[in-house]
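Peer 1: Got a structure here, written out as C-alpha cells. Questions coming.
Nothing in this text is a laboratory measurement; each read-out follows from the coordinates by a stated rule. Worth saying up front: this structure is predicted, and the values here are computed from it rather than measured. For neighbour counting, all protein chains shown are included, and Cβ atoms are generated from backbone atoms with ideal geometry for every residue, glycine included.
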Amino acid sequence: LVSRRIYAMQLTYDIDSNDDLIIDATGKGASELATTDWPRVRSLNIQMLVQSEKTAEGGGKTSVTSFAGVTVPSDKHLYLPLQMNVALRNQ
C-alpha cells in the first residue's frame, strides 16, 4: 500500500551484536548495517510524517520543525508525525 500523503519516512534498526538479548547499537539505518548485522537486528523503528490532503484555512502551522530526517515545510498543509517500534520475533 503506497500513499501520496507520506511526506517523509525514516527507518532505523536496533542491533544486538553479542546475542545477550540487550540492544547494543541503536538508530542504525539500512545503509549503515554490515552484511553480518542483519541476522542480529532485533527491532525496527519507523518514523513517518503524513501530510494532509487539503490545505488548512488560516495556515497549517505546526509545532514540529524537523521530523524523520527532514525539515517540515511551512506551507498550508497540516502534518502528523507518527512513530512505531516493531520488535522482531522468532530469531
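Peer 1: I'd like the Karplus ³J(HN,Hα) series for segment 43-51: coefficients 6.51, -1.76, 1.60, θ = phi - 60°, whole numbers in Hz, and an x wherever there's a Gly or Pro.
Peer 2: For segment 43-51, the Karplus curve yields 8, 10, 10, 10, 10, 10, 10, 9, 9 Hz.
Peer 1: I need the calculated FRET efficiency for the pair Arg89 and Ala56, taking r as the beta carbon distance and R₀ as 30 Å, to the nearest 0.05. Show your work: numbers first, answer last.
Peer 2: Working: r = 41 Å, r/R0 = 1.35.
Calculated value: 0.15.
Peer 1: Follow-up. With the cut-off at 1.5 for a/c, could you classify the chain from its C-alpha gyration tensor as rounded, prolate or oblate? Before the final figure, lay out the partial values.
Peer 2: Numbers: a/c = 3.25, a/b = 2.87, b/c = 1.14.
It is prolate, given that a/c is not under 1.5 and a/b is the larger ratio.
Peer 1: On to the next question. Given points 7 Å out from each Cα along the Cα-Cβ axis, report the Asp37 to Arg5 separation in nanometres with one decimal.
Peer 2: Output for this residue pair reads 3.3 nm.
Peer 1: Using DSSP loop states and a limit of at most 15 other Cβ atoms within 10 Å to flag trypsin sites (Lys or Arg not before Pro), what is the longest stretch of the chain containing no flagged site? Let's see the in-between values first.
Peer 2: Details: sites that count: Arg4, Arg5, Lys61, Lys76, Arg89.
The longest uninterrupted stretch comes out as 6-60.
Peer 1: Return the distance in nm (one decimal) between the two label points of a simple spin-label model at Ile23 and Ile46, each offset 7 Å from Cα along Cα→Cβ.
Peer 2: 1.6
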